[in-house]
Amino acid sequence: MDPFLTLLHSFSSSLSDAELSSLKFLCRGKIGKRKLECVRSGVELFNIFLEQQLIASGKVAFLEELFVSIKREDLVSQLKQFVEEGEGASATNCLQKAAIEVICENVGRDWRMLIRKLGLSEVKIDRVVAANPLNLHEQLVQSLREWQRWKGKDAKVADLIKGLRECNMNLVADKVEQKLLTLNTGTSCSYLCSW
């Protein structure tokens, strides 16, 4: 079964009638009025998108733009996560996961300072704290994941190290660099890719 079609099916079942109506309205410039009038579900709409090659497994910008327009950030996040996971567990992703693992093990109460240096908004930080009110470690983990989602392909290990150094967390930055050096000298990072 195609994972992209499965994702589209789950999106369809989570759309309200009002949201589907909004999506149909927003597509009027791309899809004919007569075709849109026949659409009764998200699956039917997504099928038209696929037929007209507006979306594909590696081409989701149009769908993402639509979800942003109807204020469904949850679907945008799922879509971004699908794209990131679809790119496979590349060496870069493994190195990033290793860096995050070291940061989570070594940064304590000052995690907010690091996350702010990385550019994550206060609103997103507050959401993470509200979702994990009594777990400092999980707040940091989820904040870093939120940063990864926000930056997407622009999320770089170098930015993490730079942020640590700007926060005077030089010992943690050194540990991250040491871990990366170890991984780059031949140690497999496949164990990290399930993080």
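The values are calculated or read from the model by the stated rules, or taken from the named source; none is laboratory data. All values derive from a computational prediction rather than experimental measurement. All Cβ positions, glycine included, derive from the backbone under ideal geometry; neighbour counts span all protein chains shown.
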Exercise for the section: Scan the range 28-60 for residues that are of a type outside the set (Phe, Trp, Tyr), in contact with a Lys or Arg (Cβ under 9 Å, 6 or more places away or on another chain) and on the phi < 0 side of the Ramachandran plot and report the count. Expected result: 9
Practice task
Output the residues belonging to the range 117-152 that are exposed (fewer than 11 other Cβ atoms within 10 Å of the Cβ) and in contact (Cβ under 8 Å) with a residue 60 or more places away in the chain.
Solution key: Gly152
Practice task
Might you let me know whether the range 93-107 holds any residue that is assigned to a loop (DSSP other than H, G, I, E, B) and either without any contact (Cβ under 8 Å) to a residue 60 or more places away in the chain or more than 30 Å from Asn170 (Cβ to Cβ) (or both)?
Solution key: no
Exercise for the section: Keeping to the range 162-195, report how many residues are farther than 12 Å from Ala98 by Cβ, outside any loop (DSSP other than H, G, I, E, B) and at pLDDT 90 or above. Expected result: 10
